[in-house]
1. What number goes with the only condition from (1) under 20 Å from Ala44 (Cβ atoms); (2) touching a Phe, Trp or Tyr at 6+ places or on another chain (Cβ under 7 Å); (3) modelled with pLDDT under 95 that Ser112 does not pass?
2. Return the residue satisfying two criteria in turn: it lies in segment 104-142 and is in a loop (DSSP other than H, G, I, E, B) and among the polar types (S, T, N, Q), and of such residues it is surrounded by the most Cβ atoms within 10 Å (Cβ to Cβ).
3. Could you please find all residues in segment 143-186 being farther than 16 Å from Asn94 by Cβ, open to solvent by 10 Å² or more (accessible area, probe 1.4 Å) and outside any helix (DSSP H, G or I)?
4. I'm told Ser169 meets every condition in (1) within 21 Å of Ala67 (Cα to Cα); (2) small (Gly, Ala, Ser); (3) in contact (Cβ under 8 Å) with a residue 60 or more places away in the chain except one. Can you identify the failing condition by its number?
Amino acid sequence: MQLSSLLAILPTFVAIALAKPTDVLTKEPIAYYPVNNDDGRISAVEGSPNGLYVVHNNTHAAYHGEADTQTVEKIGRINSARAAADFTCDPSCNGQQHNAGDIQSAENGLASWFSSGLSWNHQIYYLQNSVYAFGCDYGNGQTTKASDYQASVSCVDSHCGSSQGGWDSIHDWKATYGREFGSFGC
């Protein structure tokens, strides 16, 4: 193989070697929407579309769009979960009840974004009507896999049921994942 041929394919190999999970922090959002932040509880303003948001600051969240329905169907077959020893099921239920279909849609939406090993920090949520499927980061950022998130959702479902609000705090991960209605807090 000639040197010119090697140099021609070198950028491809470098791109593959440097590839990393989808990083929502560097991906350009579709838009920024104002949020209400009352005593640490985040809620979208009226008219905010359903989809993924990353809290940008105390007044706005970056909107990244709705879930890809084809990706939602593939979840569970993609990423392998973190080591089982790292996962602890420590749920809290808040007593709020809501439509199980909206809850499942919000959780599937967030899981679809996590299917690529999404990197994020601080607060992330998927809004479906008034349901917030959310994640809270208490460390230096998270790279979440759909299977890790689904383990947390299953923990909440097994203790709170599929139509009650609640969350799971995973202390070793410095993260909390959950669902609340009308607003959420980290």
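The values are calculated or read from the model by the stated rules, or taken from the named source; none is laboratory data. Model, not experiment: these values are computed from the prediction. Positions of Cβ are backbone-derived with ideal geometry, glycine not excepted, and every protein chain shown enters the neighbour counts. Note: areas computed on protein heavy atoms with side chains; ligands, DNA, RNA excluded. Shrake-Rupley method; radii C 1.70, N 1.55, O 1.52, S 1.80 Å.
1. If we test Ser112 against (1) under 20 Å from Ala44 (Cβ atoms); (2) touching a Phe, Trp or Tyr at 6+ places or on another chain (Cβ under 7 Å); (3) modelled with pLDDT under 95, just (2) comes out false.
2. Keep residues of segment 104-142 that are in a loop (DSSP other than H, G, I, E, B), which gives 115-117, 121-122, 129-130, 138-141.
In the following step, the residues that additionally are among the polar types (S, T, N, Q) were identified as 115-116, 121, 129-130, 140.
Working: Ser115: 23, Ser116: 18, Asn121: 16, Asn129: 14, Ser130: 15, Asn140: 7.
Residue satisfying both the conditions and the ranking: Ser115.
3. If the condition is that a residue be farther than 16 Å from Asn94 by Cβ, open to solvent by 10 Å² or more (accessible area, probe 1.4 Å) and outside any helix (DSSP H, G or I), then Thr143, Lys145, Lys174 are the ones that fit.
4. Every condition holds for Ser169 apart from (1).
Let's see how each residue does on (1) at pLDDT 95 or above; (2) open to solvent by less than 40 Å² (accessible area, probe 1.4 Å); (3) part of a loop (DSSP other than H, G, I, E, B); (4) of a type in the set (S, T, N, Q):
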site	(1), (2), (3), (4)
Met1	no, no, yes, no
Ser4	no, no, no, yes
Ala17	no, no, no, no
Leu25	no, no, yes, no
Glu28	no, no, yes, no
Asn37	no, no, no, yes
Val54	no, yes, no, no
